[in-house]
Each structure stands twice: as structure tokens, then as C-alpha cells.
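J.: Following this message is one structure expressed as C-alpha cells.
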Amino acid sequence: MIRAIRASKTAAEERAVVRRECAAIRAAISDNDQDYRHRNMAKLMFIHMLGYPTHFGQMECLKLIAASGFPEKRIGYLGLTLLLDERQEVLMLVTNSLKQDLNHSNQFIVGLALCALGNICSAEMARDLAPEVERLLQTRDPNTKKKAALCSIRIVRKVPDLAENFMGSAASLLKEKHHGVLISVVQLCTELCKASREALEYLRKHSVEGLVRILRDVSNSSYAPEYDIAGITDPFLHIRVLRLMRTLGQGDADCSEHVNDILAQVATKTESNKNAGNAILYECVETIMGIEATSGLRVLAINILGRFLSNRDNNIRYVALNMLMKAMAVDTLAVQRHRVTILECVKDADVSIRKRALELVYLLVNDTNVKPLTKELVDYLEVSDDDFKEDLTAKICSIVEKFSQDKLWYLDQMFKVLTLTGNFVKDDVWHALIVLISNAPELQGYSVRSLYKALQASGTQESLVRVAVWCIGEYGEMLVNNISMLDVEEPITVTESEAVDALELALKRYSVDVTTRAMCLVALLKLSSRFPQTSKRIQAIVVQNKGNTVLELQQRSIEFNSIIQRHQSIKSSLLERMPVLDEASYLLKRAASSRATVSLTKSAPSAASGGSLKVPNGAVKPPPAPLADLLDLSSDDAPVTTSAPSTAPNDFLQDLLGIGLIDTSTAGGAPSASTDILMDLLSIGSYPVQNGPLATSNISSPGQAVTKHAPGTPQVIDLLDDVNAAYPSITAFQSATLKMTFNFKKQPGKPQETTMHASFTNLTSVTLTNFMFQAAVPKFIQLRLDPASSSTLPASGNGSITQSLSVTNNQHGQKPLAMRIRISYKVNGEERLEQGQISNFPARL
């Protein structure tokens, strides 16, 4: 049969052979053929391993087990373990045969029954046969004892309540000399400790001395070819005993004291030039770290890990780094002694070792060693691989923020990181840097000069350019006039024109990045006030973006040009330095943002499964299975507040300008005039807090003039040129059959609400009937669909169907609109379905 199957050239030929053999076996079963029953079962097992169904032969297994001969029983038990599992009801029929074979006089038949029971034992069988297995633990034959111990592990796992029945036998068997019995019993003891607290306490009292004796005998034994591996006697028994010692000694001082000496002996005598010896040493170290060991023993264990770090084998170094991370919670000082070796691992060629070593170095940093460790990491940053720079940069920034006690040192390190790997620095890191510079007036001159020099040397790092541009815009006069010089600085000569050159170069170099270009325009506007002689040149640079396709840059260019050209009287007060950013408020906002991100990540899977679909008749129905893809929208369970929109992490100007600028502590209080004008001028896509009737600022649409009415503040009217405020219509969806366009309309004073008018056109020459449009949106958006104007769409564009949608974006200014659509219709009586996603809504909708 096997030869015929292997000779098959196609899967069809193989199936034909298997069908033919299965038919012959079924015939033999029907005829109750006893002579070839064991051979047929062997065939069925081979067929089963090929993946074909063999359930019809299960009863034959039971008949072979009930036979008296050893060959039949062997095939029967083998078939039992392969063809059945503990969930099969047929298995209950074999319990009686197993009980008889466990009491058989032939030790080989007893062994067959123990092996089968250890593989497929169910909870019911465990309760029925536990007394027989417990009795077999006391037999004289070592092979039977070994198999009985392994079978007992399965019984204890299935029925933990039976653990107390095996405690005494397990403890007594630790006196055996046969290694096979010992390793099986040690595994049984470990399982008993996991299953029962009573068993754990019992074994702590009665088995510790036996384990110490086993470990001492194995460690001191002479060469034994039966158990020798690379010159070490039975390393498997070593490791099992050490693991059991760790389980017993964890949280128990008396038990730990008994095993301290033997652990020290194993740690000092085991050779580390072979892999088997390293395995024992690693398990010994893990046991020392897991029990209540003495401080000297822990230092010895950590020194072993230090030797592992010098090993050439990457696997040994990796597990050593893992263990040292656990040891940090036990003995930080001992791990600190290996700091140099750990730092070398950060520069390893293996990426896994580099990342693990970097995490360990991060744990090693404290107030005393932060400066030398940071210097080492920053020095390596320059030559590290690109794929490792992101992790390394994040760790360095975290270390500098966490342990910095000197603002000047903090700035120096951050400037180095920005210069070397500014493209890998996260937004919240350089936001925090700007907040700190704003709060350190004595270092603002030093910061702008350092950043200018860094920008000249390396203008390709995005975050460096952003921070430098911001500082030049705010503190440009300090750069040109060398104000607030520190003793460690050397004077530099920078003209007003060179400062503008730096911003113009950044504006051209980052032509794709909207954020950087927007920051450059703001900085240029501020320099037009600080450097009046360059005002004409700055105006020419700003005007270049007047026709930019990006609405944000176009609007800034138009507004800023208007300020430079028409409003000289208010320009100086309007473009004063930003108020000092509240550092405490920023840190609180940053921490809250991090928590919200973690919460959103955790809740996304459950949220994604929710949601409902609003159908044209206004009824809300749960989405059926075919609409699963339609409703697969990004979920957002973040709380929605109506008093003030929260800040998106990547909205750079909102992070910088929205901190401490609006005083909400007094009900009805109005913000300062300069703050209001600045917020209105920059129009960053968010709306100020409504604190009272006099403190309102309404930015209703892009390009619309800003009007301010607050007592005691100058009235600014027609600050911007007249820009068309209408939203353009879009082609939301188009296929070979249909075209759908959207027109938009907003109510004044309700920026979060949008009315959409959808128009559907038939592009084919056949009339579409039973037309239905459906839409789904994320949870932070509310959608209402009005009924369609018709259910029949005329052919060839000779008419259209219109339908209105009302959308409320509860996170307007933070998250854009998104929508999935589903359109169903009939063509000549045949149902059709089209669906897609719309993401090309206007930016400020």
C-alpha cells in the first residue's frame, strides 16, 4: 500500500489508492477478519497521517486492545493515541481494558497502557485509574516507575484535586538512583507544586534535602557514558532539579537557605566552554534570582551573566541581557558593574541584541551616570544603522528629559540629537524643547545661535529645521546682535539678510512638508517686524505662496501679505514674542494625550465591531454580515467635549499657541487682545473657548475676514483680502455605471455641521431601478440621510437622483470627515452592488 501511494504521480491517483484500500479494510471489518486486523489498523494509521478520514476504524482499536497478545495490544494502543483524543465518547469504552492492562503481570503491556493513558487521559479516566497509577509508582521496575510518573503528570493536570494522592510517592521516589526515574519524578513534583498549595508546602518540608543530594551527586559524579554530554553528567537532570528548587524556594527563606550552598557549588564548578554547561549556568542564575538568595550569591550570578555577554554566541548574549533586565529589580548595583560591556552590546551587529541592550542601558541610567551614558549613546548615534536610529533616538530623548537637572546640558544634548537624527525625533519631543526654551529667557540667545549654526551645518533634519525656524522667528534680534552671550560661547556674525536667507532656504528645501513651510511663513512674518529693512524682501517671499494649491499655505500667504502691506500700525504689537508657554500645562496635556492614545489602542478592537447603519427611511438597523466591509471605519472612543476642542498631537501650532494663552479660570473673562489677534490671525483650524458673550472669536470659513468685538481692544476689520469662502463641489464616487457628486453648505456659527447634497447620474444607456444609497461614518460623526428624490435613475444622464445628508463632526478641526458608501440597484431585473470609501472631502469641512 505504501509503495503504491508513493508511486502515485498525481493527487487523484493517491486518492484512488486510498479509496481502494479503505474499501478493502471496511470489507475486512464487516467480515470480522481477526488474522489481519492488526495489519489493517497499521494501514489506517498511515492513511490517517496522510490526512484522510479513518473514523470507521476506531472500534477496531478497542478490539485490538482487548486482545490477549502483545503485538495486537501494541498496534491497538498506538491506533488509540493516533485516531482518538480525549473528546471522543468512544474513549469511555476503553477504560476497563486500560484498568486490566495496568494490573497485568507483563511489564511491557503495563508500559503500553501507561503510555496510552498519559497521552489521551480525560478527567473521568483520571479519576477512575488514578489508584492503579499511584500503585505502579511503588513497583520495582524502573521503566514502569518512570512511565507511571509521567502518566501521573497528565492526571494531575486534568484533575488538580488528585495532587495530594501523589505527594508522598513523589517525595519518596527522589531517593532513586536511576536517572530516568529521577527526571520524571522531578517533573511530577514541579507539576504538583503548580497544582496544589498543600503539595507545595509538603514538598518544601520533605523534598529539599533529596534535591540537594541529587544535584550534589550529579555534579560530583565521575564520567558516566550513559548520561554524559560534552563532559557534563546529565545536564537535563541538572536543569529539571534547578527549576524545581526555584519553585520551592520562591518566597520561602528557609528553603532558600538550604539550597544556597549547592547553588554556589554548581555556579562555580560548572564549565562554561560547552553549551551544556552554559545551559546549566543560565538555569542556576535564574534560580538564584528567583529565590531568597544571599547578596553574595546574587553578585556571583550577575557576574556569570557578565561573562555570558563576552561570549561569541549571540543566543547566549541575548538571554544574558534578558536576565540582566530581570536582575535590575533585585540588585541594580551589581548590574551597574557591567555597564561598559552592556554599552558595547548596543553597538553589536545583531539587531536583536542591540535593541535588548538599549532597553537595559535605559534601565541603568540614574542621576549619577546619566551624562557619561548619554555621551556614549549620542556618539554612537552618528555611526549607527538607519533602522536602529529611531529606537536609539527615542531612548536618548527620553533619558535626557527624565534625568536632566541642568537646562543648558539638556539643550546641548537635544541640539546634538536634532542635528544627527532630527528626522527620527517625535513631534512631542521638539514641542517640549520649544516649551523649555520659552521658559528659559537666559538661554534663548544661546539656543537661537546654536540652532542657527546647526541649521547651516545640517539643514536636512526636519525637526531641527522646525525648532530653528521657530527660534529665529521669535529671537531673531538675539541672533543678529549676540544678545545674552554665555561664557562658553564664541561670538558669531549674522546679518539680518543672512537670517532671512536661512528661512528662505528652509522654505524652498521643504517644499513638500506643509508644517515646516507654514512655520517658515510665520517666522518670516515676525522677522518683518524685527528687521524692518528686510520687510520688502520678506513680502516678496511670502507672496510667492499666494497661489499655492495647499489651502493652509495660500491662506497664510494672503493674510501675512495683507499685514505687511496694509497694517503697519498694528504689526509691531501683533507680532510681539509669544507669551511664555506654561510648561506644567503642556506636560499635563502631553501625559493626557499619551494616556488617550493607549486607551484608544486598547478599545479599538471592540469599538470597530460596533456601529449602526442609517438607512434612507430614517430607521437605524444593525449592520448585516454583507456590510462588514462597509462599516470597517476607524473607531474613536475618545470623549468628546463641547467647551473646547482637544489638541491633535501633530497640530504643531495648536500645541505651541494653545497653552496658557486663554485664561479660563474666571467665568466670563476675556482673553487679552494680543492673544486674540494672534489666534485669529494664525487661524490654525481650531476655535477659542467660549468663555462669555464678549470673548467670542468666530472663524467660520477659510479666507473669511476676522472681526473682533471686545471692550478695551482695538477693532480689526477686513484684516484679510476677500477670498472665495464657498466649498467646491467634488466627485465623490465614479464607476463605469454611476457618477456621484457632493455639494456642501454650512450654517453660520455651526462649523461642525455640514449639509451635503448628493447628485447621482447614470452613465449607461440602461435605466437603473430600485436605486438605494446607504452610508456609514465613524462613531465621532453623526449622520442623517433624507429620502432620495426617486428610486429610478434615467439612462444616459437624462436625469438624476438627488438626496440630502446632514453630517455633524463632533471632533471638527481634529479629525476629517470619512465615509463609506454602498449603492444598490437593478439593471434589467439583475441586482447590482457598488461600494467605496470617500476621503477627498475639503480640508476644513
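The values are calculated or read from the model by the stated rules, or taken from the named source; none is laboratory data. If you're wondering where the values come from, they're calculated on a predicted model, not measured in any experiment. No Cβ is skipped: glycine too gets one built from the backbone with ideal geometry, and neighbour counts run over all protein chains shown. Just the protein is used for accessible areas: all its heavy atoms, side chains included, with ligands, DNA and RNA removed. Shrake-Rupley method; radii C 1.70, N 1.55, O 1.52, S 1.80 Å.
J.: Please compute the per residue accessible area over the range 730-838 with all protein chains in place, 1.4 Å probe, rounded to a whole number of Å². Numbers along the way, then the final one.
T.: Values: 4970 Å² over 109 residues.
It amounts to 46 Å² per residue over the range 730-838.
J.: Can you work out the FRET efficiency for the pair Asn439 and Asp513, with r the C-beta to C-beta distance and R0 = 25 Å, to the nearest 0.05?
T.: Values: r = 27 Å, r/R0 = 1.08.
E(calc), rounded to 0.05, equals 0.40.
J.: In whole Å, largest first, what are the principal axis extents of the Cα atoms in the range 88-142?
T.: Computed over the Cα atoms, the extents are 34, 17, 17 Å.
J.: Order the peptides 457-470, 105-118 from the highest to the lowest mean number of other Cβ atoms within 10 Å of their residues.
T.: Working: 457-470: 21.7, 105-118: 19.8.
Ranking the peptides 457-470, 105-118 by packing returns 457-470, 105-118.
J.: Read phi for every residue in the range 838-845 and hand back ³J(HN,Hα) as whole Hz from Karplus 6.51 cos²θ - 1.76 cosθ + 1.60, θ = phi - 60°, with x for Gly and Pro.
T.: Result, ordered by residue: 10, 9, 9, 5, x, 4, 9, 5 Hz.
J.: Then there is this: Which percent of the accessible area of the range 391-474 is formed by carbon and sulfur heavy atoms (probe 1.4 angstrom)?
T.: Details: 1210 of 2490 Å².
Percent of accessible area from carbon and sulfur atoms in the range 391-474: 48.
J.: Hey, another quick one. So how do 121-130, 290-299 stack up, highest first, on mean other-Cβ count within 10 Å? Walk me through the intermediate numbers first.
T.: On the way: 121-130: 18.3, 290-299: 16.7.
Highest-to-lowest ranking by the protection proxy: 121-130, 290-299.
J.: Packing-wise, with mean Cβ within 10 Å as the measure, how do 499-510, 5-16 rank, highest first? Walk me through the numbers before you get to the answer.
T.: Numbers: 499-510: 19.7, 5-16: 11.4.
Highest mean packing first, the order is 499-510, 5-16.
J.: Within the range 730-838, what whole-number % of the accessible surface is contributed by carbon and sulfur, with the 1.4 Å probe and all protein chains included in the calculation? Walk me through the numbers on the way to the answer.
T.: Working: 2180 of 4970 Å².
Answer for the range 730-838: carbon and sulfur cover 44 percent of the accessible area.
J.: At 7 Å along Cα-to-Cβ for each site, give me the label-to-label distance between Gln565 and Thr332 in nm.
T.: Simple spin-label model gives 6.2 nm for this pair.
J.: Here's something else I'd like to know. For the range 392-587, what is the accessible area per residue in Å² when the probe is 1.4 Å? Intermediate values should be presented prior to the final figure.
T.: Numbers: 7650 Å² over 196 residues.
Accessible area per residue, the range 392-587: 39 Å².
J.: For Lys177 and Asp427, calculate 0.36 nm times their separation in residues minus their Cα-Cα distance, and state this gained length in nm to one decimal.
T.: Contour length minus the Cα-Cα distance gives 83.4 nm.
J.: Dipole of the range 392-587, Cα-centred, from +1 at each Lys and Arg C-beta and -1 at each Asp and Glu C-beta, to the nearest 20 debye?
T.: Working: 20 positive and 22 negative charges, 137 e Å.
Here the range 392-587 has a charge dipole of around 660 debye.
J.: How large is ³J(HN,Hα) for each residue in the range 519-533, as worked out from phi by the Karplus curve 6.51 cos²θ - 1.76 cosθ + 1.60 (θ = phi - 60°), to whole Hz, x for Gly and Pro?
T.: 5, 5, 5, 5, 5, 4, 4, 5, 5, 5, 8, 6, 10, x, 5
J.: Pull out the extension gain between Ser30 and Val90, defined as 0.36 nm times the separation in residues minus the alpha carbon to alpha carbon distance; nm, one decimal.
T.: Details: separation 60, 0.36 × 60 = 21.60 nm, distance 1.89 nm.
My answer for the length gained is 19.7 nm.
J.: Quick check: with the 1.4 Å probe, what order do Glu89, Glu753, Glu21 take by accessible area, largest first?
T.: Details: Glu89 160, Glu753 70, Glu21 35 Å².
Of Glu89, Glu753, Glu21, the descending order of accessible area is Glu89, Glu753, Glu21.
J.: When we measure straight from the Cα of Lys205, which lysines land under 27 angstrom away, once same-chain ones fewer than 8 places off are left out?
T.: Correct list for Lys205: Lys145, Lys146, Lys147, Lys158, Lys175, Lys177, Lys194.
J.: Moving on. Can you list the residues of the range 108-129 with backbone N under 15 Å from a point 7 Å past the Cα of Thr139, pointing along Cα to Cβ?
T.: Residues 108-118 qualify, since their backbone N sits under 15 Å from the label point.
J.: Let me ask something additional. What residues of the range 39-81 lie in the reach of a label at Asn106, counting those whose backbone N is under 13 Å from a point 7 Å from the Cα along Cα→Cβ?
T.: 65-77
J.: Treating only the Cα positions of the range 457-544 as identical point scatterers, give the base-10 log of I(q)/I(0) from the Debye formula at each q in 0.18, 0.24, 0.26 Å⁻¹.
T.: -0.75, -1.22, -1.37
J.: Here's another thing I want to ask about it. Report the calculated FRET efficiency for Glu498 and Leu408 (r = Cβ-Cβ distance, R0 = 25 Å), to the nearest 0.05.
T.: Working: r = 25 Å, r/R0 = 1.01.
The value I calculate is 0.50.
J.: When the chain is fully extended, how far beyond the present Cα-Cα distance does Ser398 get from Val299, taking 0.36 nm per residue of separation? Before the final figure, lay out each step's value.
T.: Numbers: separation 99, 0.36 × 99 = 35.64 nm, distance 2.93 nm.
Length difference between fully extended and current span is 32.7 nm.
J.: Please compute the Kirkwood hydrodynamic radius of the range 741-790 from all pairs of different C-alpha atoms, in Å with one decimal. Working shown, then result.
T.: Values: mean 1/r = 0.0737 Å⁻¹.
Result for the range 741-790 stands at 13.6 Å.
J.: Right, something else. Going out from 0 in 5 Å bins, what whole percent of all Cα-Cα distances in the range 392-587 drops into each bin?
T.: Percent of Cα pairs in each bin: 1, 8, 16, 19, 21, 17, 11, 5, 2, 0.
J.: In 10 Å bins starting at 0, how do the alpha-carbon pair distances of the range 730-838 split up by percent?
T.: Bin by bin from 0 Å, the calculated values are 14, 46, 27, 11, 1.
J.: A follow-up question, please. Name all residues of the range 16-59 having a backbone nitrogen under 13 Å from the label point set 7 Å from the Cα of Phe70 along its Cα→Cβ direction, giving them as ranges.
T.: In the range 16-59, the label zone of Phe70 (backbone N under 13 Å from the point 7 Å along Cα→Cβ) covers no residue.
J.: Something else about it: Taking K and R as +1 and D and E as -1, what net charge do the other residues with C-beta under 12 Å from the C-beta of Lys274 add up to? Before the final figure, lay out each step's value.
T.: Details: positive: none; negative: Asp228, Glu271, Asp313.
So the surrounding residues net to -3.
J.: Measuring from label point to label point, each 7 Å out along Cα→Cβ, what is the Asp161 to Gln782 span in nm?
T.: 5.6
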